[in-house]
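The next block holds one structure in the form of structure tokens; read it before the comments.
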Amino acid sequence: MFLATTNKVIRLLHISFIGDVEPEEIHEGREMLSEILEDLPTGLLLLVDLERLHFMSKECAPEIGWLMELFDRKGVAQVIRVIPDKTKDIGLQVLYLLHYKNPPPLIVCESILEAENILCGGKK
């Protein structure tokens with residue numbers, strides 16, 4: 001499963017991958033994410049949370065690439081990625097380099113608490 005939530009006040013899009021994720025789930029969420037992005041300004045922060053991910057098949061890579069291109073068109077200002085278990089990374093760094101024409105700054109964290117501290121400007 002994957003979930004997308006927003007915080008318009010701080011211009012944040014938070015995507016969580018949970019449990020076992022298959023390409024069909026991501027593909028089905030394309031329209032939802034497109035609609036969510038319409039309501040957000042350019043220059044948004046993107047928080048990608050893989051903390052509760054159990055398994056993501058490598059076949060998800062094209063769908064993840066499509067999402068990255070969507071975020072690139074929206075003008076994402078920064079990407080914060082939470083990956084506590086590096087074995088669950090399906091090549092996100094390579095996809096990042098291939099699918100962002102203007103790659104935004106990227107920070108990789110080991111926990112959502114570390115990401116929260118970054119989002120709060122180190123005030124936590």
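Among the listed residues 68, 32, which satisfies the condition of being in a helix (DSSP H, G or I) and either surrounded by 15 or more Cβ atoms within 10 Å (Cβ to Cβ) or in contact (Cβ under 8 Å) with a residue 40 or more places away in the chain (or both)? Give the steps one after another, and end with the answer.
Values: 32 fails: either surrounded by 15 or more Cβ atoms within 10 Å (Cβ to Cβ) or in contact (Cβ under 8 Å) with a residue 40 or more places away in the chain (or both).
On inspection, the qualifying residue turns out to be 68.
Test residue 12 against the stated conditions and say whether it is crowded, with 16+ Cβ neighbours inside 10 Å and free of Cβ contacts under 8 Å to residues at least 60 places away in the same chain. When the stated conditions are applied, residue 12 does not pass them. When segment 84-114 is filtered for residues that are within 13 Å of the chain's Cα centre (by Cα), charged (D, E, K, R) and in a helix (DSSP H, G or I), nothing remains. As a summary of the residue check, residue 81 satisfies the conditions (1) without any contact (Cβ under 8 Å) to a residue 12 or more places away in the chain; (2) in a strand (DSSP E or B); (3) not aliphatic (A, V, I, L, M) except for the one numbered (1). Failed condition for residue 3, given (1) of a type outside the set (S, T, N, Q); (2) in a helix (DSSP H, G or I); (3) exposed (fewer than 14 other Cβ atoms within 10 Å of the Cβ); (4) in contact with a strand residue (DSSP E or B) (Cβ under 6 Å, 6 or more places away or on another chain), with all others met? The failed condition is (2). Among the residues of segment 35-65, the ones that are assigned to a loop (DSSP other than H, G, I, E, B) and either at positive phi or among the aromatic types (Phe, Trp, Tyr) (or both) come to 1 in all.
More than 10 Å from the chain's Cα centre (by Cα), touching a residue at least 40 places away in the same chain (Cβ under 8 Å) and more than 22 Å from residue 109 (Cα to Cα): does that describe residue 59? Don't jump to the end; show me each part of the working.
Numbers: more than 10 Å from the chain's Cα centre (by Cα): yes; touching a residue at least 40 places away in the same chain (Cβ under 8 Å): no; more than 22 Å from residue 109 (Cα to Cα): yes.
Criteria not met by residue 59.
In a residue-by-residue description of segment 10-21, the property of being among the polar types (S, T, N, Q), assigned to a strand (DSSP E or B) and closer than 17 Å to residue 88 by Cα applies to at least one position.
Rule-based calculations on the coordinates, nothing more; no lab input. Since the structure is predicted, the reported quantities are computational estimates derived from the model, not experimental observations. Using ideal geometry, Cβ is built from the backbone for each residue, glycine included, and neighbour counts are taken over all protein chains shown.
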